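S.K.: Below is the structure I would like to discuss, written out as structure tokens.
The values are calculated or read from the model by the stated rules, or taken from the named source; none is laboratory data. All values derive from a computational prediction rather than experimental measurement. Every residue, glycine as well, gets a Cβ built from its backbone with ideal geometry; the counts of neighbours run over all protein chains shown.
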Amino acid sequence: MPQANPQHVVLISGGAVAGSEAAFQLTQRGILCIVVERNDRPYGKIEDGLPRWHVNLRLQEEKKIDDKLSHPLVHFVPRTRLSRDVSLQEVLGWGLSAVVLALGAWWDRPLPLPGVDQFVGRGFYYQNPLVYWFNHYLEAGYQGPTVELEDGAIVIGGGLASLDVVKILMLETVTRAQRARGHRIALYELERRGIQKVLSELGLTLADLGLRGCTLLYRRRVEDMPLAEVPEDATPQQVERTRQTRRKLLQNFAEKYLFTFQDQRVPVGCLADGDRLAGLTVAATEVKDGRAVTLGGTEQNVPSQMVVSSIGSVPEPIPGVEMRGETYRIKDQGTGEVEGLEGVFAVGNAVTGKGNILVSLKHGRVVSQHMLEHYLLGTASGYEEVLADAATEAREKVGAVADRLAGQARLSGERVAGILARVKSLQDRVGYPGDYRQWIERVRLPQA
């Protein structure tokens, strides 16, 4: 067994925004990092959850991740999923200095509508598989989730995530319909300029294309939708201005992409046609003491061949890690140390419980009004602050972890060598050559 110097060794599960920032902070302190990533590429929701029209932001964020994970103190292990390919209990038996869980949130929060999940893939879809399909279905040899796209879809949710789902559905249906009429307007142009403007220049309407457009249902009031932040210690006048801004932003967005918005509506039942979902029974709500309360006697049937749930994402449970509701049970909020597992820390969505980056606004914060306005105008993605916040949160927590390790004895050279031998075995299993840059060039997707 090759000799190794005494040092700290930290295993990080997940290599995206939070995981790569954790690795960067630790390697800057001379700590050896093992980054275990479930996919070929470590980009997480940057690649699979950020809709593909965010081209520049995606390239920028992927480069940041690549720069951090190509550090010589980082040992990258792709195609390896914690709890599937190697268990947390096994990893803890290696004698590491610490383990950092930066897994993100990949599971859709279940829609609380009895019986709806029996229709998944048959008229009913969750947000994460839909966005993954949209981002990848044009790739050669694609074998991921499939979506049967339908006009007149119903989207259930609120916030940036649901707005992007609405955009995906509208852009796809309009692109296909106008091409069937002989027009060749690219989806990216429709997204950038807006569907309403492009169709107007062509002298067309949705009806001319044989389309109705989709409908977004939100259980609260339009002014409650988190599209602009209420300032701390806001005066009543500031609160009302924020509410007006939210109304205006959503109105502008709906006009630009030609969808319908209905607030204070909640699904209470399913309409079935054989084994397919054929619509929803929807009821009105009333907001009382900050909660949306369903109003009896207001039910109505709304036929639709496609329903998408966009109510958020939650982290995947890991055997051995206690949960508090939908997130990991955290003992120390400063470091993210997990309850009952000494030396195991969590960063990112596993702590905040804020779904994917589309809605993962750090500890309940929303995108600033300025950024949101530019997002809706098409001059910014709207997610720059979200990603910056995710990196900042990881930086703060991992900095505290590193400070704690500084007071502990380093691992012996013999133990470090044993750990690296296990890592090499995992890398060999998946054909990883040992060089991050070389691997990424091999598995990188061609740019559209």
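S.K.: How many of the residues in the stretch 190-211 are of a type in the set (Gly, Ala, Ser) and over 20 Å from residue 153 (Cα atoms)?
M.R.: 2
S.K.: Please verify whether residue 117 is closer than 27 Å to residue 277 by Cα and in contact with a Phe, Trp or Tyr (Cβ under 6 Å, 6 or more places away or on another chain), treating the condition exactly as stated.
M.R.: When the stated conditions are applied, residue 117 does not pass them.
S.K.: Let me ask another. Within the stretch 82-121, restricting attention to residues that are crowded, with 16+ Cβ neighbours inside 10 Å and among the polar types (S, T, N, Q), which residue is farthest from residue 15 (Cα to Cα)?
M.R.: Restricting to residues being crowded, with 16+ Cβ neighbours inside 10 Å and among the polar types (S, T, N, Q), the top hit is 97.
S.K.: I would also like to ask the following. Could you tell me whether the stretch 198-217 includes any residue that is farther than 27 Å from residue 137 by Cα, among the β-branched types (Val, Ile, Thr) and either in contact (Cβ under 8 Å) with a residue 40 or more places away in the chain or touching a strand residue (DSSP E or B) at 6+ places or on another chain (Cβ under 7 Å) (or both)?
M.R.: No: the stretch 198-217 contains no residue that is farther than 27 Å from residue 137 by Cα, among the β-branched types (Val, Ile, Thr) and either in contact (Cβ under 8 Å) with a residue 40 or more places away in the chain or touching a strand residue (DSSP E or B) at 6+ places or on another chain (Cβ under 7 Å) (or both).
S.K.: Could you pull out the residue among 154, 168 that is under 17 Å from the mean Cα position of the chain (by Cα) and crowded, with 19+ Cβ neighbours inside 10 Å? Spell out how you get there, then give the answer.
M.R.: Working: 154 fails: under 17 Å from the mean Cα position of the chain (by Cα).
Matching residue, one of 154, 168: 168.
S.K.: Scan the stretch 24-59 for residues that are closer than 30 Å to residue 164 by Cα and small (Gly, Ala, Ser) and jot them down.
M.R.: Within the stretch 24-59, 44, 49 meet the criteria.
S.K.: What pairs come up if the first residue lies in the stretch 104-121 and is within 16 Å of residue 154 (Cβ to Cβ), the second is among the aliphatic types (A, V, I, L, M) and surrounded by 12 or more Cβ atoms within 10 Å (Cβ to Cβ), and their beta carbons are under 6 Å apart, counting only those six or more places apart or on different chains?
M.R.: So the pair list comes out as 119/277.
S.K.: Looking only at residues that are hydroxyl-bearing (Ser, Thr, Tyr) and either buried (at least 17 other Cβ atoms within 10 Å of the Cβ) or without any contact (Cβ under 8 Å) to a residue 12 or more places away in the chain (or both) in the stretch 250-285, which one is nearest to residue 123 (Cα to Cα)? Spell out the reasoning first.
M.R.: Going through the stretch 250-285, the residues hydroxyl-bearing (Ser, Thr, Tyr) turn out to be 257, 260, 281, 285.
The next check asks that each one be either buried (at least 17 other Cβ atoms within 10 Å of the Cβ) or without any contact (Cβ under 8 Å) to a residue 12 or more places away in the chain (or both); those that pass are 257, 285.
On the way: 257: 23, 285: 25 Å.
Looking at residues that are hydroxyl-bearing (Ser, Thr, Tyr) and either buried (at least 17 other Cβ atoms within 10 Å of the Cβ) or without any contact (Cβ under 8 Å) to a residue 12 or more places away in the chain (or both), I get 257.
S.K.: Could I ask something else about it? Which condition from (1) buried (at least 20 other Cβ atoms within 10 Å of the Cβ); (2) within 21 Å of residue 327 (Cα to Cα) is the one that residue 41 breaks?
M.R.: (2)
S.K.: Residue 66 passes all but one of (1) in contact with a Phe, Trp or Tyr (Cβ under 9 Å, 6 or more places away or on another chain); (2) assigned by TED's automatic domain parsing to the domain that holds residue 24; (3) outside any helix (DSSP H, G or I); which number fails?
M.R.: Going through the list (1) in contact with a Phe, Trp or Tyr (Cβ under 9 Å, 6 or more places away or on another chain); (2) assigned by TED's automatic domain parsing to the domain that holds residue 24; (3) outside any helix (DSSP H, G or I), residue 66 breaks only (3).
S.K.: Tell me yes or no: at least one residue of the stretch 345-364 is modelled with pLDDT under 95 and surrounded by fewer than 16 Cβ atoms within 10 Å (Cβ to Cβ).
M.R.: yes
S.K.: Right, something else. Can you pull out the residues in the stretch 132-167 that are in contact with a strand residue (DSSP E or B) (Cβ under 9 Å, 6 or more places away or on another chain) and not in a loop (DSSP other than H, G, I, E, B)?
M.R.: Correct list: 133, 154, 155, 156, 157, 161, 162, 163, 164, 165, 166.
S.K.: What are the residues in the stretch 1-32 that are farther than 30 Å from residue 108 by Cα and without any contact (Cβ under 8 Å) to a residue 60 or more places away in the chain, if any?
M.R.: 27, 28, 30
S.K.: Restricting the search to the stretch 236-249, which residues are under 22 Å from residue 293 (Cβ atoms) and crowded, with 18+ Cβ neighbours inside 10 Å?
M.R.: Result: 246, single match.
S.K.: Got at least one residue in the stretch 125-148 being out of contact with any Gly (no Cβ under 8 Å at 6 or more places or on another chain), crowded, with 21+ Cβ neighbours inside 10 Å and without any contact (Cβ under 8 Å) to a residue 24 or more places away in the chain?
M.R.: no
S.K.: Restricting to the stretch 218-245, name every residue that is out of contact with any strand residue (DSSP E or B) (no Cβ under 7 Å at 6 or more places or on another chain), of a type in the set (Val, Ile, Thr) and part of a helix (DSSP H, G or I).
M.R.: Residues satisfying the conditions are 239, 242, 245.
S.K.: Please pick out the residue among 161, 207 that is more than 29 Å from the chain's Cα centre (by Cα) and either within 23 Å of residue 54 (Cβ to Cβ) or exposed (fewer than 14 other Cβ atoms within 10 Å of the Cβ) (or both).
M.R.: Testing whether each residue is more than 29 Å from the chain's Cα centre (by Cα) and either within 23 Å of residue 54 (Cβ to Cβ) or exposed (fewer than 14 other Cβ atoms within 10 Å of the Cβ) (or both) leaves just 207.
S.K.: Next up: Could you pull out the residue among 138, 96, 82 that is more than 18 Å from the chain's Cα centre (by Cα) and not assigned by TED's automatic domain parsing to the domain that holds residue 26?
M.R.: One residue alone meets the criteria, 138.
S.K.: Is it the case that some residue within the stretch 14-30 is of a type in the set (A, V, I, L, M), part of a loop (DSSP other than H, G, I, E, B) and more than 22 Å from residue 144 (Cα to Cα)?
M.R.: Checked the stretch 14-30: no residue is of a type in the set (A, V, I, L, M), part of a loop (DSSP other than H, G, I, E, B) and more than 22 Å from residue 144 (Cα to Cα).
S.K.: Is it the case that residue 223 is crowded, with 21+ Cβ neighbours inside 10 Å and in contact with a Lys or Arg (Cβ under 8 Å, 6 or more places away or on another chain)?
M.R.: Numbers: crowded, with 21+ Cβ neighbours inside 10 Å: no; in contact with a Lys or Arg (Cβ under 8 Å, 6 or more places away or on another chain): yes.
Criteria not met by residue 223.
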